[in-house]
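A short worksheet on the structure shown next.
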Amino acid sequence: MTRIVYERSALRLSMEGHALYGDYGADIVCAAESMLIMCLEKRLLDYGEDILLTVKKAPGSISISARPGPGAETLCRESFDTIYAGLNLLAQYEPEHVSAVQYD
């Protein structure tokens, strides 16, 4: 099971584990999770120097946190909120494979 934790006030999103929905390399749930988290990383990188971005990756886990500069907090938070909404929706459709929790 993939465990997703979104710490909204800290602007941190972490994902750990494997969905185990399908065979390795052909798991569509894992692919959806991965694509969403990659979109978050790309979106935050696109902000450039306005956001101090920390990304920690290891096999089966990723953690993304951000410190927005002046004027970038709203866009940064909207990016995290949007990606978490997608991950949470995935957890609702596949509760045996994905869990998602948000802390404010």
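Among the residues here, residue 13 qualifies as in contact with an Asp or Glu (Cβ under 8 Å, 6 or more places away or on another chain) and of a type in the set (A, V, I, L, M). Within the range 33-44, the residues that satisfy the criterion of being within 11 Å of the chain's Cα centre (by Cα) and either outside any helix (DSSP H, G or I) or not charged (D, E, K, R) (or both) are 34, 35, 36, 37, 38, 39, 40. Condition first: at pLDDT 95 or above and of a type in the set (Lys, Arg). Can you find one or more residues in the range 46-56 that meet it? Yes.
Here residue 47 fits the description: surrounded by 11 or more Cβ atoms within 10 Å (Cβ to Cβ), aromatic (Phe, Trp, Tyr) and over 14 Å from the mean Cα position of the chain (by Cα). Only residues that are buried (at least 16 other Cβ atoms within 10 Å of the Cβ) and without any contact (Cβ under 8 Å) to a residue 12 or more places away in the chain were counted in the range 12-31, giving 1.
Only residues that are among the aromatic types (Phe, Trp, Tyr), assigned to a helix (DSSP H, G or I), touching a residue at least 12 places away in the same chain (Cβ under 8 Å) and open to solvent by 30 Å² or more (accessible area, probe 1.4 Å) were counted across the range 59-104, and they come to 0.
The values are calculated or read from the model by the stated rules, or taken from the named source; none is laboratory data. If you're wondering where the values come from, they're calculated on a predicted model, not measured in any experiment. Every residue, glycine among them, receives a Cβ derived from its backbone with ideal geometry; neighbour counts consider all protein chains shown. Ligands, DNA and RNA are excluded from the accessible area calculation, which covers all protein heavy atoms including side chains. Shrake-Rupley method; radii C 1.70, N 1.55, O 1.52, S 1.80 Å.
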